[in-house]
Amino acid sequence: MITLRGVTKRFTGPDGPLTAVDDVDLHVPRGSVQGIIGFSGAGKSTLIRLINLLERPDSGTVEVDGTDLTAVDEAELRRRRTKIGMIFQHFNLLANLTAAQNVELALRIAGVDKAARAARVAEALAVVDLADKADVHPAKLSGGQQQRVAIARALANEPSVLLCDEPTSAVDPRTTVSVLSYLKEVNERLGITIVLVTHEMNVVRAIADDVAVMDGGKVVEHLELDGSPLRPETEIARFMVDDRIRLRSGRDLEESRAG
Ligand SMILES: Nc1ncnc2c1ncn2[C@@H]1O[C@H](COP(=O)(O)OP(=O)(O)O)[C@@H](O)[C@H]1O
Ligand SMILES: [Mg+2]
């Protein structure tokens, strides 16, 4: 469904040029959930933004649903983008619009005519169990409900791919479970391929089929989440897998390395 080949993105930072994403290859099969994990600054957000070409790669190709997005013109790219939904850590809802109006705006931007919009808004809000909040403004909704509106907004255009950048990083642990369960349902029931960026192993563990571990702009390791015990090989992956070592003594660290 998504294939990145040799994708590199450079920026000019305050200390000069930096390579945010460095020669990454990634293949995400149709209907799967791909996790991307790493510390702050690893290049996760840049990588996910390269998938819908919000960032254009300096080199490499980005194929989504059989089309190389780096090779199409702007008009075609805009059309393709409507089939790639995105949600963010801070929801990015418009405060002056109701839940339904936020969802409808995405349809308007995509050029869906008025007659079709109302039904699509209702369907999308129903998927995330917010039909009863259609006329409520974001400020009156909890963080979890706001993120569900954002999911509905992303679903309204009937995407084949949903990109999620730290979708649970601004909500409490119980709400995290709720948001993840909706994402899982979207994946299983609607068959939408999901890419989920996070810095928390527990989050990807809950729903991903495979996790790409990023460090310094590179994918340094893949962890398959098929229920068998994880066997991280790189130091960074071990650290992400075993949260304990952040909380306990140096001796635990020794033991986790030995084991
Ligand atoms: N638009 C930008 N301009 C300059 N540097 C950027 C830009 N976006 C990201 N970076 C830098 O690229 C690196 C990776 O950033 P990012 O992809 O946001 O990482 P993550 O999401 O893993 O925290 C960081 O060093 C960041 O400062
Ligand atoms: Mg980020």
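The values are calculated or read from the model by the stated rules, or taken from the named source; none is laboratory data. Note that this is a predicted model, so its numbers are computed, not measured. Cβ placement follows ideal geometry from the backbone for every residue including glycine, while neighbour counts extend to all protein chains displayed.
Identify all residues within the stretch 88-109 that are buried (at least 16 other Cβ atoms within 10 Å of the Cβ) and over 14 Å from A131 (Cα atoms); write none if there are none.
F88, Q89, F91, L93, L105, A106, L107 - these are the residues of the stretch 88-109 that are buried (at least 16 other Cβ atoms within 10 Å of the Cβ) and over 14 Å from A131 (Cα atoms).
Would you confirm whether any residue within the stretch 190-201 is β-branched (V, I, T), farther than 22 Å from L53 by Cα and either in contact with a helix residue (DSSP H, G or I) (Cβ under 7 Å, 6 or more places away or on another chain) or touching a residue at least 60 places away in the same chain (Cβ under 8 Å) (or both)? Give the derivation first.
To start, the set of residues in the stretch 190-201 that are β-branched (V, I, T) comprises 192-195, 197-198.
In the following step, the residues that additionally are farther than 22 Å from L53 by Cα were identified as none.
No, because not a single residue in the stretch 190-201 is β-branched (V, I, T), farther than 22 Å from L53 by Cα and either in contact with a helix residue (DSSP H, G or I) (Cβ under 7 Å, 6 or more places away or on another chain) or touching a residue at least 60 places away in the same chain (Cβ under 8 Å) (or both).
Among the residues of the stretch 208-238, how many are closer than 25 Å to T175 by Cα and modelled with pLDDT under 95? Walk me through how you get there before you give the answer.
Looking only at the stretch 208-238, we keep the residues that are closer than 25 Å to T175 by Cα, and these are 208-213, 225-227.
Filter once more, so that each one left must be modelled with pLDDT under 95: 225-227.
So the count comes out to 3.
Quickly run through the stretch 44-63 and pick out the residues that are closer than 11 Å to D22 by Cα and within 14 Å of ligand 2 (Cβ to nearest atom).
Passing the criteria: T46, L47.
Report the residue count in the stretch 145-203 for those that are of a type in the set (D, E, K, R) and within 16 Å of ligand 2 (Cβ to nearest atom).
So the count comes out to 3.
Suppose we filter the stretch 19-46 for residues that are more than 11 Å from the chain's Cα centre (by Cα) and within 14 Å of ligand 1 (Cβ to nearest atom); how many remain? Let's see the steps before the verdict.
Just the residues of the stretch 19-46 that are more than 11 Å from the chain's Cα centre (by Cα), to begin with: 19-32, 38-43, 46.
Add one more test, that the residue is within 14 Å of ligand 1 (Cβ to nearest atom), and what stays is 19-22, 24, 38-43, 46.
Summing the residues that are more than 11 Å from the chain's Cα centre (by Cα) and within 14 Å of ligand 1 (Cβ to nearest atom) in the stretch 19-46 gives 12.
Given the residues V112, V128, V136, which is the only one that is β-branched (V, I, T), buried (at least 22 other Cβ atoms within 10 Å of the Cβ) and on the phi < 0 side of the Ramachandran plot?
Sole residue among the options that is β-branched (V, I, T), buried (at least 22 other Cβ atoms within 10 Å of the Cβ) and on the phi < 0 side of the Ramachandran plot: V128.
Sort through R49, R80, R5, R56 and tell me the only one that's on the phi < 0 side of the Ramachandran plot, within 16 Å of ligand 1 (Cβ to nearest atom) and surrounded by 14 or more Cβ atoms within 10 Å (Cβ to Cβ).
R49
Every residue in the stretch 158-193 that is away from ligand 1 (no atom under 16 Å from the Cβ) and of a type in the set (G, A, S), please.
Correct list: S160, S178, S181, G191.
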